[in-house]
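Here, each number is a calculation from the coordinates, and none is a lab measurement. Quantities reported herein were computed from a predicted structural model and do not represent experimental measurements. So basically every Cβ, Gly included, is an ideal-geometry build from the backbone, and we count neighbours across all protein chains shown.
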Amino acid sequence: MFRSNVLVCGGTGCTSSNSEQIIERLNEEIKAQGLDKEVNVIRTGCFGLCALGPIMVVYPEGAFYSRVTPDDVPEIVSEHLLKGRIVKRLLYQETVVDDNTTKSLNETTFYSKQMRIALRNCGVINPEKIDEYIALDGYAALGKVLTEMTPQEVIDLMLASGLRGRGGAGFPTGLKWKFAAANDADQKYACCNADEGDPGAFMDRSVLEGDPHSVLEAMAIAGYAIGASQGYIYIRAEYPIAVKRLQIAIEQAREYGLLGKNIFDSGFDFDIDIRLGAGAFVCGEETALMTSIEGKRGEPRVRPPFPAAKGLFGKPTVLNNVETYANIPQIILKGADWFRSIGTEKSPGTKVFALGGKITNTGLVEVPMGTTLREVVEEIGGGVPGGHHFKAAQTGGPSGGCIPAKLIDTPIDYDNLIAIGSMMGSGGLIVMDETTCMVDIAKFFLEFTVDESCGKCTPCRVGTKRLLEILNKITSGNGTLEDLDKMEELCYYIKENSLCGLGQTAPNPVLSTLKYYRDEYVAHVTEHRCPAGACKALTNYTIEADKCKGCTLCARNCPVGAISGAVKETHVIDTTKCIKCGVCMEKCKFGAVVKK
Amino acid sequence: MQKRISNLPFHDTPEQAKKLDEVIEKLKGQAGAIMPALHEAQEIYGYLPLEVQKRIADGLDVPLEEVYGVSTFYSQFSLTPKGRNHISVCLGTACYVKGADKVLDKLIQRLGIQPEECTEDGAFSLTACRCIGACGLAPVMTVNEDVYGRLVPEDVDQILAKYTA
């Protein structure tokens, strides 16, 4: 038994800001102070509050240290771990009540409205130790399924729970399993989609980094339900930490007999292999993903036949997303009624969101379905920083849309988001403020889909390209009002005629911004003005004569020598030379440079 | 994604050629061998010059167009050599709304190369990548294994200086 447990976040965000060195330093210092038999250092998965990383939590006190640097470690060890005095200057300020008391993390606004099912073990256990997972009921659900339930009972339970696919489309998981179970074949597959391609989304990565066994356990349950003996996890090669932890987890599960032959002496065989993606967004689409596992160009196939009938290598296949799987062991253990008591009637359970962009608490949150966008952005997310205002939230990545400020009280679930022209997507939630130009954002996503369109079908390959051309025309100030109508028509054409989900949803960013921010498009077209000041071609930098002190700072920093003026005299920007880099505006101490 | 194809001359060493031959020998005749062959060839050469793709096609007895089809389909496969220092700027949504494009512009200006290119002295190569998942630190760039977060364009010179010394 250890007197103290020190949990250090080993997620990608915190690892990027040196949490590995912090762990090394901790172990050195603890040893130097002779505490290595009393204090245990544990590298966990993501705590969620990435904005404050690297994060360290010391139990039993529950002291939550934020933005820790390796140099802070000696102080934490000698003060807190040796002398029992919490290092107050490093505490997350929200947890500090007064000089002598701190409150628990669960009482802070970031955590109090959250409910963790998929993330229940992230930031709690060491993901590289199977025993820690087992100690928290790990593999109990698999044991229950294999020893007490028939495959049909498992499928019935999944249907009753109402769990819907967390990858974005929200298809009922139980139904998928039912279809695949109904097809007879000599070989079936239970696969996991961990090709999290939406830029700005990192839910699945965090689950795999923080709690890989929950996914393996659920895949084995799926395999039992549909009659599959082999599983594949298709994961992005860009997630090296997640890949490594999955490999460790699979090896440990095999060693414990929880994967392999005759699991729990039930006669059921199931094993899992990892397949690395090579960076193609379209491979998140189920049929493209399977083609890629087969080693080919990851192009989608025509459906039907659906994967439940003919999937991987032409065999019946179930493919679920990481977060979907992470919910399943809890549903098996606690029952369908428990799961249905959370969230909304048509979207039971919780959803994990990756909060990013212009928001104070960037990070990972899990909330019951039906939580309003306002609660997520203003309460959990801590609002928009820097005195700026909330303008829109983008959900669903390149397939989704923007939710404007006036709809901030919308309860988030699958159907509500579709109704307002966005979609749940896999859970990326990017917050934008008034300095974000909505035309530019639509263009950003179209650039992405043009790049990522696989080229198999014409509406997507050519249609998205034409859409992007029109958007470029508008942001460079050459658009016409007819372009807006043409664009809308083209959007619907692409949606209706594309082969796969990529093309069918690619126009959503354009349609939703046209719907809610048409005035911004019109301003670009008729006034040649970008209201947010983001589109370079439409903004000009000028120096206001009454504010300029003639300090020459702007002229000295201008990379192209576009600013002229003598000392103590008003400076002038030559707009023909100006490349609109904005350096002058950043450097000016008097606020004399303005964007118009 | 449109791939840039290197016009720098291709050099290989006898060791590299031998390793590639071994890879081809191992994978020959297997179903779906092209992807693993390209993954391993990229490990050996750092990128996939046309010469290497030709050798893979001949070795596996598949048409070059099939190999080229796969190598250009996936963004992980690079057809241009990487510099001694490889810079990757994240252009995921979270980084983009926080000004990653301005950081990239600064790098393009300082290095004198476009994304997917390598400087002539081979010191730096530059790429604009998709989300690396460190959205909490946005905007983010990586130089080799080092991650730099919460960037502003002014940080660029200081970071580059670390690798030119």
Subject >> About the Cα centre, charge dipole magnitude for segment B:2-118 (Lys/Arg +1, Asp/Glu -1 at Cβ), debye >> reply: 600
Original post:
At A:Tyr59 and A:Ser341, where each label point lies 7 Å from the Cα along Cα→Cβ, what is the point-to-point distance in nanometres?
Top reply: 2.4
Original post:
Using modelled amide H (1.01 Å from N, peptide plane; none on Pro or chain starts), what sits under 5 Å from the amide H of A:Gly45, excluding residues fewer than 5 places away?
Top reply: A:Gly10, A:Gly123, A:Val124, A:Ile125
Original post:
For B:Lys102, which aspartates and glutamates qualify as cross-link partners when the Cα separation must be under 13 Å and same-chain residues fewer than eight apart are set aside?
Top reply: A:Glu586, B:Glu154, B:Asp155
Original post:
HN-Hα J couplings of segment B:56-65 from phi, Karplus 6.51/-1.76/1.60, θ = phi - 60°, integer Hz, Gly and Pro as x?
Top reply: 5, 4, 4, x, 8, 6, 10, x, 4, 4
Subject >> Candidate aspartates and glutamates for bridging to A:Lys178, where Cα separation is under 12 Å - those fewer than 8 sequence places away on the same chain excluded >> reply: A:Glu153, A:Asp156
Subject >> Relative contact order (%) - chain A, alpha-carbon pairs under 8 angstrom, separation at least six >> reply: 11
**OP:** Can you figure out the FRET efficiency of A:Glu489 with A:Thr575, using R₀ = 35 Å and their beta-carbon distance, to the nearest 0.05?
**Re:** 0.45
Original post:
What order, most packed first, do the peptides A:66-77, A:503-514 have when packing is the mean number of other Cβ atoms within 10 Å of each residue?
Top reply: A:503-514, A:66-77
Subject >> Cut-off under 5 Å, modelled amide H: who pairs with A:Ile233 long-range >> reply: A:Cys192, A:Asp273, A:Ile274, A:Arg275
**OP:** Using DSSP, restrict attention to beta bridges with both residues in the protein assembly as shown and report what percent are antiparallel, rounded to the nearest 5.
**Re:** 55
**OP:** May I ask which of A:Lys473/B:Lys3; A:Lys473/A:Lys577; A:Lys391/A:Lys596; A:Lys129/B:Lys162 have a Cα-Cα span longer than 26 Å here?
**Re:** A:Lys129/B:Lys162
Subject >> Filter on A:Lys176/B:Lys28; A:Lys589/B:Lys82; A:Lys83/A:Lys244; A:Lys244/A:Lys456; A:Lys296/A:Lys515; A:Lys443/B:Lys82 - keep pairs with C-alpha separation over 31 Å >> reply: A:Lys176/B:Lys28; A:Lys589/B:Lys82; A:Lys83/A:Lys244; A:Lys244/A:Lys456; A:Lys296/A:Lys515
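Pop the C-beta distance of A:Asp546 and B:Leu50 into the FRET formula with R0 = 60 Å and round what comes out to the nearest 0.05.
Rounded to the nearest 0.05, the efficiency is 0.45.
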**OP:** Decide, for the protein assembly as shown, between rounded, prolate and oblate: order the square roots of the alpha carbon gyration tensor eigenvalues as a ≥ b ≥ c, take rounded if a/c falls under 1.5, and otherwise choose prolate if a/b is larger than b/c, else oblate.
**Re:** rounded
**OP:** Using just the helices of chain A, give the 222 nm mean residue ellipticity in deg cm²/dmol: DSSP H runs with n ≥ 4 each add -39,500 (n - 2.57), and the total is spread over all residues, rounded to 500.
**Re:** -10500 deg cm²/dmol
**OP:** Please work out the FRET efficiency for the pair A:His388 and A:Ala537, using the Cβ-Cβ distance as r and a Förster radius of 22 Å; give the result to the nearest 0.05.
**Re:** 0.40
**OP:** Rounded, prolate or oblate: pick one for segment A:4-110, where a ≥ b ≥ c are the square roots of the eigenvalues of its C-alpha gyration tensor, a/c under 1.5 means rounded, and failing that, prolate if a/b is larger than b/c, else oblate.
**Re:** oblate
Original post:
Relative contact order for segment A:540-595 using alpha-carbon pairs under 8 Å, separation at least 6, rounded to a whole percent?
Top reply: 46
Original post:
Which ³J(HN,Hα) values, rounded to whole Hz and listed in residue order, are derived for segment A:279-284 from phi using the Karplus coefficients 6.51, -1.76 and 1.60 in 6.51 cos²θ - 1.76 cosθ + 1.60 with θ = phi - 60°, glycine and proline given as x?
Top reply: x, 8, 4, 5, 5, x
Original post:
How crowded by other chains is B:7-17, given as the mean number of beta carbons from other chains within 10 Å of each beta carbon?
Top reply: 0
Subject >> segment B:1-103, relative contact order in percent, only Cα pairs under 8 angstrom and at least six apart counted >> reply: 31
Original post:
Which shape class applies to segment A:398-507: rounded if a/c is under 1.5, otherwise prolate when a/b exceeds b/c and oblate if not, where a ≥ b ≥ c are the square roots of the Cα gyration tensor eigenvalues?
Top reply: oblate
**OP:** Partner chain Cβ atoms within 10 Å, averaged over the residues of A:354-364 - can you pull that number for me?
**Re:** 4
**OP:** Per DSSP H run of at least 4 residues, take -39500 (n - 2.57); add these up for chain B, divide by its residues and hand me the 222 nm value, nearest 500 deg cm²/dmol.
**Re:** -13500 deg cm²/dmol
**OP:** Order the peptides A:417-426, A:241-250 from the highest to the lowest mean number of other Cβ atoms within 10 Å of their residues.
**Re:** A:417-426, A:241-250
**OP:** Tabulate in residue order the Karplus-calculated ³J(HN,Hα) for segment A:350-358, using 6.51 cos²θ - 1.76 cosθ + 1.60 with θ = phi - 60°, rounded to whole Hz; enter x for Gly and Pro.
**Re:** 10, 9, 8, 10, 9, 7, x, x, 7
